[in-house]
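A.B. asks: One structure follows; several queries about it will come next.
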Amino acid sequence: DTKQAVLEVNNIEVIYNHVILVLKGVSLTVPKGGITALLGGNGAGKTTTLKAISGLLASERGEVTKGSIHYGGKPTTDMDPADLVKLGVVQVMEGRHCFEHLTVEENLLTGAYTRTDGAAAIAQDLEMVYNYFPRLRERRKSQAGYTSGGEQQMCAIGRALMSRPETILLDEPSMGLAPQLVEQIFEIVKSVNENEGVTFLLAEQNTNVALRFAHHGYILESGRVVMEGPAAELRENPDVKEFYLGMS
Ligand code: ATP
């Protein structure tokens, strides 16, 4: 792959509460304009890796104690989440995190709060989000807390898009959703990637679906990368088949 790397994670170690060592030297290269999957079981360190990149570790008493992170060539280790948003990096947290008491549309608009390019541009992007997620258009006046799990996941991704990001860190988009809905959400991620050029780094336990939509994958186990490669190769790898795809 000759695509330029937009994000480079170099051998990071992460410790929570000064004592709990969770990442034991993780390195990743995320190509600009690609979909990269971060795979592995419960507790492998996927969420921690995303939070280290987006600057959200500090609020959890976590710390990058070794290694470095660069985004767009700039050192971003320990950078404030708000500054990373300005660089174009947003995280969609696991469990959706919509504002329950706001309507779907109000939620989407909160994603645009840092923008300075005016109401017309924001209205245009709202339209873009509704075109990707027709379901959100139908539900735009509904209080988010009363929408379904799938609609909340769509709302969370839509809100991230409203900040006009260059890169979206997407944590476990499949969580708690029926297979058909998971498929639908991944299809939308793929078309946003292709049409808007948004780079995705997504954490997933659902190896099967992630490797069908991603270009490249990394597999984490106990805070270490144990395997990586083009998604098509990982899908055919006998160990991946046995341990992650349940196809032995
Ligand atoms: P999951 O799918 O459950 O989110 P994951 O691969 O994303 O799994 P992490 O959430 O990164 O894994 O968790 C990795 C390890 O770090 C786990 O053992 C977890 O208990 C621990 N951990 C996560 N957050 C904290 C925290 N705030 N304080 C202490 N330990 C934490």
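A.B. asks: List, in the order given, every pair from Lys3/Lys24; Lys3/Lys241; Lys51/Lys241; Lys3/Lys74 whose Cα-Cα distance in the structure shown is over 23 Å.
C.D. replies: Numbers: Lys3/Lys24 27 Å; Lys3/Lys241 27 Å; Lys51/Lys241 28 Å; Lys3/Lys74 18 Å.
Too far apart for the 23 Å limit: Lys3/Lys24; Lys3/Lys241; Lys51/Lys241.
A.B. asks: List, in order, the whole-Hz ³J(HN,Hα) value for each residue of the stretch 159-171 obtained from phi through the Karplus relation with A = 6.51, B = -1.76, C = 1.60 and θ = phi - 60°; use x for Gly and Pro.
C.D. replies: Each residue of the stretch 159-171 in turn: 5, 4, 5, 5, 8, 6, x, 8, 9, 10, 9, 10, 9 Hz.
A.B. asks: Among DSSP beta bridges lying fully in the chain, give the percent that are antiparallel, nearest 5. Provide the component values of the computation, followed by the final result.
C.D. replies: Values: 26 of 44 bridges.
Here the share of antiparallel DSSP bridges comes out near 60 percent.
A.B. asks: Taking only the Cα atoms of the stretch 160-248, how large is their convex hull per residue, in Å³?
C.D. replies: 110
A.B. asks: Sequence gap at least 6, Cα distance under 8 Å: using those rules, report the relative contact order of the stretch 86-201 to the nearest whole percent.
C.D. replies: That works out to 39 percent.
A.B. asks: Which cross-chain or sequence-distant (5 or more) residues have an amide H under 5 Å from the amide H of Gly217, H modelled 1.01 Å from N in plane?
C.D. replies: Ala37, Gly229, Ala231
A.B. asks: If you don't mind, another one. Hey, can you rank 183-190, 15-22, 56-63 by average C-beta count inside 10 Å, highest first?
C.D. replies: Descending mean neighbour count gives 183-190, 56-63, 15-22.
A.B. asks: Could you calculate the FRET efficiency of Asn131 with Arg61 from 1/(1 + (r/R0)^6), where r is the beta carbon distance between them and R0 is 41 Å, rounded to 0.05? Kindly include the intermediate steps, with their values, before the conclusion.
C.D. replies: Numbers: r = 40 Å, r/R0 = 0.99.
After rounding to 0.05, the efficiency reads 0.50.
A.B. asks: Moving to a separate point now. Run the Debye formula on the Cα coordinates of the chain, all scatterers equal and no solvent, and tell me log10 I(q)/I(0) at q = 0.07, 0.12, 0.13, 0.18 1/Å.
C.D. replies: Debye output, listed in q order: -0.22, -0.67, -0.79, -1.46.
A.B. asks: So, one more: So what is the 222 nm mean residue ellipticity for the chain from helices alone, if each DSSP H run of at least 4 adds -39500 (n - 2.57) and you divide by all residues, rounding to the nearest 500 deg cm²/dmol?
C.D. replies: My calculation for the chain gives -10500 deg cm²/dmol from helical runs alone.
A.B. asks: Output the 0 to 90 degree angle, nearest 10, between the alpha-carbon long axis of helix 179-196 and the longest principal axis computed from the alpha carbons of the chain.
C.D. replies: 80
None of the figures in this text is laboratory data; all of them are computed from the coordinates on show. Predicted model, so just to flag it, every value in this text is computed and none were measured. When we count neighbours, we look across all protein chains shown, and the Cβ atoms used for this are built from the backbone with ideal geometry, even at glycine.
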